[in-house]
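A short worksheet on the structure shown next.
The values are calculated or read from the model by the stated rules, or taken from the named source; none is laboratory data. Keep in mind the model is a prediction, meaning the values are calculated, not measured. Note: ideal-geometry Cβ built from the backbone for every residue, glycine included; neighbour counts use all protein chains shown. Keep in mind that these areas ignore ligands, DNA and RNA; they rest on the heavy atoms of the full protein, side chains included. Shrake-Rupley method; radii C 1.70, N 1.55, O 1.52, S 1.80 Å.
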Amino acid sequence: MTRNALTLNFDETENQVMIAQMVRDFGAREIKPNIMTWDEAQEFPLQLFKKMGELGLMGVLIPQEFGGAGFGYLEYVTAISEISKIDGSIGLSMAAHNSLCSNHILQFGSKEQKQKYLPKLATAEWLGAWGLTEPNTGSDAGNMKTVARKDGEYYVLNGAKNFITHGKSGNVAVVITRTGDVGDSHGMSAFILEKGTSGFSSGKKENKLGMRASETAELIFTDCRIHKSQMLGNEGDGFIQSMKVLDGGRISIAALSLGIAMGAYEAALQYSKERQQFNQAISKFQGIAFKLADMATKIEAAKLLTFRAADMKNRGLDVNKESAMAKLYASEVAVETANEGVQIFGGYGFIKDFPAEKYYRDAKLCTIGEGTSEIQKLVISRSILK
Ligand SMILES: Cc1cc2nc3c(=O)[nH]c(=O)nc-3n(C[C@H](O)[C@H](O)[C@H](O)COP(=O)(O)OP(=O)(O)OC[C@H]3O[C@@H](n4cnc5c(N)ncnc54)[C@H](O)[C@@H]3O)c2cc1C
């Protein structure tokens, strides 16, 4: 038996059951009544995240010594998928805060950096952002142009990051910059930047197809001077750190995808039993029943891949391939399920009085963010061909 073999234990932990119920109650009270208001106005509900912070949802993986909930990846996947079943944009923001910004500091920060930032991030007193993508370098992030030039005890940053979740509202951002040659994977370094630092500002907020309650905006650096103590790890470690952070982050996007798929499926299942055509519920037509069977089967498969990656991550195993597989499969299932969901709703799937159209719009981000489906295939194929 190999060390990374699947542990065949499908029981939910007591913590998972407790978290799922807590998130459902919270979502019914605080999110459901506002979903379409936030979506239509593209409003980022900052106060909601403060309340989520009080429940431990903004510091799920942060150890208790730094003020977090101190849970593992099984509980984390449960929390993100339950939130995303209700509203994918809240799930996306929760994932970016927890597994990108906070987790980068948790994994690679010094003791002082952890003590300074993690307690504030764990309670959402401070909201976190994470900047890797630039206008000209998304999939090809290693070719980034944002530069941090060394100047004595300081680094001077110039450039811009785009498509950054919490680019405007984030109080603290982990930013990856070039400190060496283009094309050198050891030529990049990560820094922690605080809002209000001179030369650090935010730019355009994007107007998006879906995930509209999650804020996506530019970060701009103009002669932004920061002390070298803000660097995470050593000079030249930034890109390698980012790839490791993304290995964990992709589990959260798989969980986000799973939640959207479950939400779209459950809405379509219920509707198919209620909607009558030709004097019977449309669920009685084999054409509809088979769609539901495919949706349910693919969701179960996505769940297994996602929880397997989470379980391996908990056990400290390398999840590079498994998190990419989970993210690739679950995100494509989210898109397929949301698409079939709209089809089952018919014309009512195309209007905003019913939930199907929002799942359809939100799902598409899952095949793009934190590495497109094509990039996941690149990661998987590199791993199996090495
Ligand atoms: C809502 C939202 C939130 C985001 N949040 C963040 C964030 O918080 N932080 C952050 O750093 N980034 C964030 N991103 C950026 C996101 O990670 C990138 O959009 C994504 O990695 C793709 O990069 P790109 O958009 O530049 O597409 P490109 O890299 O230009 O890709 C365009 C197309 O080419 C394909 N392609 C590229 N290279 C290859 C290849 N080698 N082989 C085959 N096909 C290829 C891609 O798969 C895609 O289909 C966010 C994006 C969105 C939309």
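At a glance:
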item	result
Within the accessible area of the stretch 97-144 (1.4 Å probe), percent carbon and sulfur	46
Approximate spin-label separation E206-E125, in nm, with each point projected 7 Å along Cα-to-Cβ	3.2
Heavy-atom accessible area order for M18, M188, largest first, 1.4 Å probe	M18, M188
Longest exposed-site-free window of the chain, the sites being chymotrypsin sites (Phe, Trp or Tyr not before Pro) in a DSSP loop that have at most 11 other C-beta atoms within 10 Å	11-277
Table column - 3J(HN,Hα) (Hz), the stretch 189-195, Karplus curve with 6.51, -1.76, 1.60, x for Gly and Pro	9, 10, 10, 9, 10, 9, 4
Per residue, in Å², the accessible surface of the chain once ligands and nucleic acids are set aside, probe 1.4 Å	44
Euclidean distance between Cα centres, the stretch 319-386 to the stretch 42-64, Å	24
Area accessible to solvent at S169, 1.4 Å probe radius, in Å²	30
Residue order for I368, I80, I288 - accessible surface, 1.4 angstrom probe, largest first	I368, I288, I80
Length-normalised contact order for the chain - Cα pairs under 8 Å, 6+ apart - percent	17
Cα centre as origin, Lys/Arg/Asp/Glu Cβ charges: the chain dipole, Debye	240
Residue-averaged [θ]222 nm for the chain, counting only DSSP H segments that reach four residues, each worth -39500 (n - 2.57)	-15500 deg cm²/dmol
Solvent-accessible ranking of I240, I86, largest area first, probe 1.4 Å	I240, I86
For the stretch 246-275 versus the stretch 156-181, the gap between their alpha-carbon centres in whole angstrom	31
For S110, residues with placed amide H under 5 Å, excluding near neighbours	G233
Table column - 3J(HN,Hα) (Hz), the stretch 310-320, Karplus curve with 6.51, -1.76, 1.60, x for Gly and Pro	5, 5, 5, 4, 4, 8, x, 8, 6, 10, 3
Built amide H within the under 5 Å cut-off of W126, gap 5+	L121
Solvent-accessible area of D25 with every protein chain in place, 1.4 Å probe, in Å² to the nearest 10	80
Cα Rg, Dmax, the stretch 23-80, angstrom units	13.0, 40
The stretch 69-213 pair-distance distribution - Cα-Cα, 5 Å bins, rounded %	2, 9, 17, 21, 21, 16, 10, 4, 1, 0
Of all DSSP beta bridges in the chain, antiparallel share, percent nearest 5	85
Note, ³J(HN,Hα) from phi for the stretch 168-174, Karplus 6.51, -1.76, 1.60, rounded to Hz, x at Gly and Pro	9, 8, x, 8, 9, 10, 8
Exposure of T297 as accessible area (Å², to 10), given a probe of 1.4 Å and all protein chains	90
